[in-house]
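Each reported figure results from applying straightforward, stated rules to the coordinates on display, with no laboratory input. Everything numeric here is computed off the predicted structure, so don't read it as measured data. Virtual Cβ from ideal backbone geometry, glycine too; neighbours counted across all protein chains shown.
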Amino acid sequence: MNKLLLSLVAAVLLVTNSFAQVAPSFKYQGVARNAANAPLVNQNIGLRISILNAAGTPVYVETHAARTSDLGIFSVNVCSGTNPTGSCGTIDWSAGQFNLKVEMDPAGGAAYLNMGNSPILMAPVAAYALKAGGSSGDNDGNPTNELQDLTFTEATGNLSISQRNSVNLSSLKNDADADPANEIQTISLDTSDNSIILSKNGGRVTVPGAGTLWTKAGDSLNYKHNSNVLMVFKPGKFEQKFGADVWKRFSAGTNRWSDEIRTFPANAGKEVGVGADIVEYPVTFNRLYLRMAGDTMFRANSYNYLFSPGASPGIQTFVDVFSQANNNGQPIRTLSARMEGSGGIGNLHAALGGRVTATTGNLNINSVLTPFTGIWNTAGTNIFGLFFNAQGQANFVAQVKNFVEDHPTNPNKQIWYTCMEGPEVGAYERGTATLVNGEAEIVFSEHFELTINPTTMTVQLSPNSADSEGLAVVEKTAKGFKVKELRKGTGNYTFDWESKGVRKGYENFEVVRDRMQVKIPTTEIYDANNAIPYDKKVKK
């Protein structure tokens, strides 16, 4: 015979009438075993559960189809089964002494075997509910007859509560009229004596001028902690002083704003200012700068502008870096570097000692209108340059043009060759030829033929024989020339030759010309001393 090992894990019973609409139930759990006391694992079983009263009579019966676990455990909710007979909701649990009868079919059908009875014990919450069920309740079944209303009668000033007494509040009502707004007061500031005024004869109080309070003078609102720490607010302007030598200023208008901070650090030896300006369209201007006292050390500008009437619009952008230098014991400030673009004209200036008081040269690169790269001496006189002339031809300009290489046997020496100069833009070709029966024909290389103008050609000949009667050029063409020995000589020997000519396109090279006009690096020093367009003194 199969047998069932049962263990009641928990039983919770609802006994109050207020929950009668929900059928009460409680958990029942057990382990199903066979006759060999082995658990019935993962198996469907059928259960019939009965609740018996003290006399052993069933007051409720139900069935369950359950499945065991890997350990043979099953769990059901009593009072929630199928095919019920009776109702758990109508059981008078206060009578006590109820038992739970369990029957099982191990095959999962309805051939139930009696597994025995177990007493239904009372859980602590159910015990407390039973105690509550025995207490005396409301004397009637009306759920609303204990509700009360609170009412205020404006005509009499009475505050009353239904089914109870009332209190008269008329003594607290002393308004002389029914206007709800005529008691409203406003607070204002009288700047003439720094007084705070309460309207409708509410009085006034004068704020002391000394101490750490705000004051107002005209359109300026001031806060003065002491002479070194203060703030000033004005329309479009704001100033702060953080100490004896630290200022912060800001201003804003309809189309521009400026921001600057100034300090006097001990290690700098002079006042340092850092700031920015912005002006909006139609003349848009942006500037960032760093200055020391009256000397601007760094400046980055970017703005658009309009040329004279009829000209095209353009923009200008440049960054300047300045240096403090020493000139014979006198401190000077020089433009160290500039990167600039203006109206489509791009310039790069890198300078050390851009003023005439410095000792080194300048580098200037201009483009577009005057394509030029050059170096100047301290007097601003052109020394070296690369440029395009009016015909679009590239030109190289220098007082001396050198070729330099290391000395092949002495590492402490160099070999310098210099170029020979002349009034023409020329080219040459040379070589050695052989006279046969007193005649020879020289054919130019293709590159020389393509380079020179043949009408400008000259030829030099040098015979390599002491028996030569002399040589003459008897014919010249674009492809070469012919040579014959003088006095109808018939010599057979070698000779050297060299031919020169003006390069094609450079026949009109100007030897003497007007001074070339190119832009020299600026010697101007731009300062940002007046970056903030208003009075820098903070009113105290």
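Things worth noting here:
- FRET efficiency, 1/(1 + (r/R0)^6) with R0 35 Å, evaluated for residue 439 and residue 414 via beta carbons: 0.15
- Gain in span if fully extended, residue 498 to residue 156, counting 0.36 nm per residue against the direct Cα distance: 109.4 nm
- A P(r) calculated from all alpha carbon pairs of the range 426-502, with 5 Å bins opening at zero, reads 3, 17, 30, 22, 14, 9, 4, 0 percent.
- When peptides 41-53, 83-95 are ranked by their average number of other Cβ atoms within 10 Å per residue, the highest-first order is 41-53, 83-95.
- Dipole axis of the range 426-502 (+1 Lys, Arg; -1 Asp, Glu on Cβ), positive-most option in 438, 428, 486: 486
- Checked against a 27 Å cut-off, the cross-linked pairs 401/479; 476/504; 401/504; 482/504; 401/500 give Cα-Cα distances beyond that limit for 401/479.
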